[in-house]
């Protein structure tokens with residue numbers, strides 16, 4: 001089907017769904033959070049601060065939905081829920097008398113009108129970096145899709161440090177209240193709490209956005225502090241796998257160039273003398289091909305060893321995907337290991353190795369390479385519980401596999 005016509009059908013379907021459920025979002029204050037990276041953390045933090053303030057609040061993110069005591073699985077490899085699922089959820093939330101809904105919003109959802117009728121009054125932007133160009137084709141179109149969230153919001157909370165800021169600011173309605181954030185805008189006591197709880201600078205920015213958003217909703221500093229203190233973290237977001245081997249092992253959802261760079265630089269700062277940083281990741285098949293060499297280059301520059309492996313290859317040849325990553329890695333001068341047993345140079349140079357089987361890649365890192373004091377980060381899958389090969393979704397968990405090889 002012609003993309004233009006398909007998009008029109010998405011619009012018509014969304015209109016009909018909103019009418020069928022009788023526009024439920026008009027009864028709930030909806031906070032929308034979008035961005036390439038950090039939107040799950042930011043939306044979940046806003047949710048926990050509102051809970052700490054005693055507010056009746058629901059959350060719909062790409063990890064899970066929370067409505068009261070109910071935890072609702074949002075599916076495999078999902079973006080924003082389709083319009084039927086979303087409006088049905090909002091109708092339930094409205095009927096149960098919820099005051100707030102925190103909604104994680106993706107560019108696909110915005111472009112396909114899935115958010116039509118969501119009535120987002122407060123919109124938050126984390127950042128817009130290189131991602132989803134397989135779908136949007138150009139960065140400009142990607143930004144334009146994200147910008148839809150802000151066109152009709154009452155309040156926009158923007159990241160002034162992000163390259164998209166000028167464009168988003170330009171398209172805002174004159175009535176829209178605009179606020180800015182970064183971790184330097186926080187009060188001294190709250191900033192100290194944030195720095196203690198979050199070692200990563202990018203997460204401090206996410207928390208700063210959450211604080212500005214909840215203050216705008218009238219939440220007190222005491223409730224904000226309580227929400228930060230009690231924040232449980234998010235599965236697959238810098239999730240540490242504890243072990244008795246003296247190896248720091250983390251699982252992270254980083255699947256974009258920006259996210260991978262931020263994760264690796266953050267971990268690099270914690271490295272002790274003589275220790276090594278090992279990164280394991282792949283790039284999804286049938287998705288943005290331009291980011292593959294970029295991510296290969298980023299990892300080869302920062303990590304001591306990069307292990308290129310599978311990550312939802314779908315109908316593509318995983319070896320061809322890895323080859324694209326290798327092209328970027330080679331630009332750094334990093335040495336390619338031709339054999340999985342050839343790991344002696346790790347202490348001296350930045351190296352990379354191809355291990356298409358993700359299980360074998362993790363086993364290799366944790367049982368043959370990593371030693372006491374090293375840091376291993378497994379990126380790209382995060383909270384996901386399956387891996388896509390062809391038309392099949394095979395059961396998968398980075399957490400479970402890593403744990404097996406840390407016994």
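When we screen 174, 178 for residues that are modelled with pLDDT of 85 or more and over 28 Å from residue 54 (Cβ atoms), the only hit is 178. Going by the conditions given, is residue 97 at positive phi, crowded, with 18+ Cβ neighbours inside 10 Å, more than 21 Å from the chain's Cα centre (by Cα) and modelled with pLDDT of 90 or more? No; evaluated as a whole, the condition is false for this residue. Taken over segment 105-137, the criterion of being closer than 17 Å to residue 258 by Cβ and in a loop (DSSP other than H, G, I, E, B) is satisfied by 106, 126, 127, 128, 129, 130, 131, 132. One residue stands out in segment 118-130 among those that are surrounded by fewer than 23 Cβ atoms within 10 Å (Cβ to Cβ) and in contact with a helix residue (DSSP H, G or I) (Cβ under 8 Å, 6 or more places away or on another chain): the one that is nearest to residue 42 (Cα to Cα), namely 129.
Within segment 71-90, the set of residues being surrounded by fewer than 18 Cβ atoms within 10 Å (Cβ to Cβ) and at pLDDT 90 or above comprises 84, 88. Where strands (runs of 3 or more DSSP E) fall entirely within segment 8-79, those with at least 1 residues that are closer than 23 Å to residue 168 by Cα and within 25 Å of the chain's Cα centre (by Cα) are at 29-34. Which residue, of 316, 340, is assigned to a loop (DSSP other than H, G, I, E, B), surrounded by fewer than 23 Cβ atoms within 10 Å (Cβ to Cβ), in the same structural domain as residue 368 (by TED's automatic domain parsing) and at pLDDT 95 or above? Within the list 316, 340, the selection yields 316. Test residue 267 against the stated conditions and say whether it is outside the structural domain of residue 186 (by TED's automatic domain parsing) and in contact with a helix residue (DSSP H, G or I) (Cβ under 7 Å, 6 or more places away or on another chain). Here the answer is no, as residue 267 does not meet what is asked. Select from segment 96-147 the residues that are without any contact (Cβ under 8 Å) to a residue 40 or more places away in the chain and under 14 Å from residue 168 (Cβ atoms) and list them in ascending order. Listed by number, the residues that qualify are 139, 140, 142, 143, 144, 145, 147. Residue 143 passes every criterion in (1) at pLDDT 90 or above; (2) in a helix (DSSP H, G or I); (3) within 21 Å of residue 202 (Cβ to Cβ) apart from (1). Looking only at segment 214-238, residues that are crowded, with 19+ Cβ neighbours inside 10 Å and under 21 Å from residue 259 (Cβ atoms) come to 5 in all.
The values are calculated or read from the model by the stated rules, or taken from the named source; none is laboratory data. Here the structure is a predicted model, which means the values were calculated and not measured. Methodologically, a virtual Cβ is constructed for each residue, glycine included, from the backbone with ideal geometry; neighbour enumeration extends over all protein chains shown.
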